[in-house]
Amino acid sequence: MHVNGKRWISRVLSAGIGVAVPTALALAPLGCPTRTPEPSAQFANRQRIDRPIDASTLDATQRDVTVSVPDAAAVAQRRWSTTEFARASLPVLDVHTHVDVMATRTVLSLFDQRGIHTAINLSAGWAGAGLEEALEQQRASGGRIRPFCTLPWRATTDARFVPESVRILERCRALGVRGLKIPKVLGLGARDLDGSRLRVDAARLDPIFAAVERLGMVVLIHSGDPKAFFDAPTPMNERWEELQAHPSWSFYGPEFPSFAEMMSEFERRVLRHRRVVFIGAHFGNDAEEPERVARLLEQAPRYHIDTSARVPEFGRHPSAQMRAFFERWQDRIVFGTDLGLGEDMGEWMLGSQGSERTTQSDVDRYFTATWRYYEGTDPEWQNPTPIQGRWNIHPIALPRAILAKVYGGNAARLLGIPWPPAQ
Ligand SMILES: [Zn+2]
């Protein structure tokens with residue numbers, strides 16, 4: 001359905017980037033370049049459909065959440081209005097968004113329509129490189145859009161990178177910022193002093209995490225990507241369609257680590273800093289393997305995970321398995337979307353997106369699929385973004401008390417935000 005990147009998102013993802021910092025540090029596009037779910041090969045309930053989806057064969061319920069059906073706009077309006085779900089009366093704190101600092105009014109209007117009270121903007125740069133504008137947006141939005149800061153990951157070959165990053169963090173914290181976003185460029189692109197791949201668990205970076213701990217900040221970290229992106233891009237790859245549309249999303253080849261290597265580095269990093277609150281982005285960076293995610297949650301008591309852009313991934317597992325996971329880890333899961341939002345709806349990023357302009361029916365379908373996964377009781381329905389894998393999603397019908405924690409309570413506690421917010 002979707003093809004290549006959008007102009008706006010590259011602007012937002014590089015917000016605060018390319019601006020001179022006190023040293024000669026150069027900066028790189030950060031954020032979540034591929035805001036896409038992912039699959040892999042190990043799950044019993046992989047329900048691949050090795051043929052194109054024919055909308056006429058789907059019942060009306062499935063059509064509501066299926067892309068590329070001719071009457072998508074009409075059906076999106078017709079059923080599964082989000083107000084049917086408990087969410088309508090539960091405020092949402094979205095820990096994972098990418099927001100254009102110039103689009104405050106438009107973004108708040110969307111949030112008002114969809115029940116999102118507060119959102120964390122992960123594309124806010126740092127002091128002198130976009131953060132002031134993001135903090136102005138925080139003020140203008142009455143605290144509803146709050147930035148995390150990031151670091152100049154394009155400058156990692158510079159010996160000053162680590163001490164400069166510590167100074168950046170101190171300045172961010174002094175300005176009131178509660179969190180640091182670490183994008184997947186660490187591990188997949190950033191270079192060490194000798195030009196080799198900078199590993200997520202490189203000892204050289206330890207002072208950055210010591211500073212985070214000292215400053216009482218939260219680290220939201222994205223490491224790796226969908227497992228299939230690390231496998232050979234062939235017709236046997238379960239994301240073959242998506243990789244054909246976005247060849248640059250492949251991390252297959254000698255220049256990249258394996259998925260297993262990335263995950264191990266990430267886990268070692270989390271386990272090394274037991275007093276730091278980490279949030280593993282995108283379902284702990286391993287939506288295909290909830291058992292592995294649970295192991296790290298077990299081992300690291302301050303470790304949390306966000307749900308962003310992975311409903312089609314963890315949603316492929318059986319309802320009973322995932323409901324049990326959410327029950328067990330109900331205090332350690334925080335809601336995220338990975339929405340990329342600017343003034344122009346046509347350029348919004350909703351999960352996986354490309355050159356096609358985003359429409360109102362795309363937005364409706366995205367939110368309906370999201371709430372319907374957590375709250376729906378229907379047995380299963382087709383992945384709302386089939387380009388990412390042709391399998392079914394199994395809703396988990398969480399009880400209201402767990403929804404309240406996952407949708408906002410947990411994140412509010414981590415970030416010191418009064419919750420529920422005064423309406
Ligand atoms: Zn993201």
**Request:** Could you look through segment 287-298, keep only residues that are in contact with a helix residue (DSSP H, G or I) (Cβ under 6 Å, 6 or more places away or on another chain) and more than 16 Å from the ligand (Cβ to nearest atom), and pick out the one that is nearest to Pro226 (Cα to Cα)?
**Result:** Glu288
**Complete:** Scanning segment 213-240 for residues that are over 21 Å from the mean Cα position of the chain (by Cα) and either more than 14 Å from Arg272 (Cβ to Cβ) or of a type outside the set (D, E, K, R) (or both) gives Arg214, Leu215, Gly216, Asp231, Ala232, Pro233, Thr234, Pro235, Met236, Asn237, Trp240
**Residue in segment 177-204 that is nearest to the ligand (Cβ to nearest atom), counting only those that are in contact (Cβ under 8 Å) with a residue 40 or more places away in the chain and over 23 Å from the mean Cα position of the chain (by Cα)** = Arg197
**Message:** I want to confirm something. Restricting to segment 242-257 and keeping residues that are surrounded by fewer than 17 Cβ atoms within 10 Å (Cβ to Cβ) and outside any loop (DSSP other than H, G, I, E, B), which single residue is farthest from the chain's Cα centre (by Cα)?
**Reply:** Gln244
**Asked** For segment 267-285, which residues satisfy the criterion of being over 12 Å from the mean Cα position of the chain (by Cα) and within 16 Å of the ligand (Cβ to nearest atom)?
**Response** Phe278
**Message:** Just the residues that are more than 19 Å from Ser308 (Cβ to Cβ) and part of a loop (DSSP other than H, G, I, E, B), please, taken from segment 395-418.
**Reply:** Ala397, Pro399, Gly416, Pro418
**Complete:** Turns out the helices (runs of 4 or more DSSP H) fully within segment 269-357 with at least 2 residues that are at pLDDT 95 or above and surrounded by 17 or more Cβ atoms within 10 Å (Cβ to Cβ) are 281-284, 290-299, 319-328
**Complete:** Here the residues within segment 310-339 that are closer than 20 Å to Pro91 by Cα and within 15 Å of the ligand (Cβ to nearest atom) are Val311, Val334, Phe335, Gly336, Thr337, Asp338, Leu339
**Prompt:** Do you know which residues across segment 99-144 are buried (at least 19 other Cβ atoms within 10 Å of the Cβ) and basic (Lys, Arg)?
**Reply:** Arg114, Arg144
**Item:** Odd one out for Arg171, checked against (1) surrounded by fewer than 19 Cβ atoms within 10 Å (Cβ to Cβ); (2) without any contact (Cβ under 8 Å) to a residue 40 or more places away in the chain; (3) touching a Cys at 6+ places or on another chain (Cβ under 9 Å)
**Value:** (2)
**Item:** Enumeration of residues in segment 129-153 that are away from the ligand (no atom under 16 Å from the Cβ), out of contact with any helix residue (DSSP H, G or I) (no Cβ under 8 Å at 6 or more places or on another chain) and either modelled with pLDDT under 95 or among the aliphatic types (A, V, I, L, M) (or both)
**Value:** Ala129, Leu135
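The values are calculated or read from the model by the stated rules, or taken from the named source; none is laboratory data. Quantities reported herein were computed from a predicted structural model and do not represent experimental measurements. We place every Cβ from the backbone using ideal geometry, glycine too, and count neighbours over all the protein chains shown.
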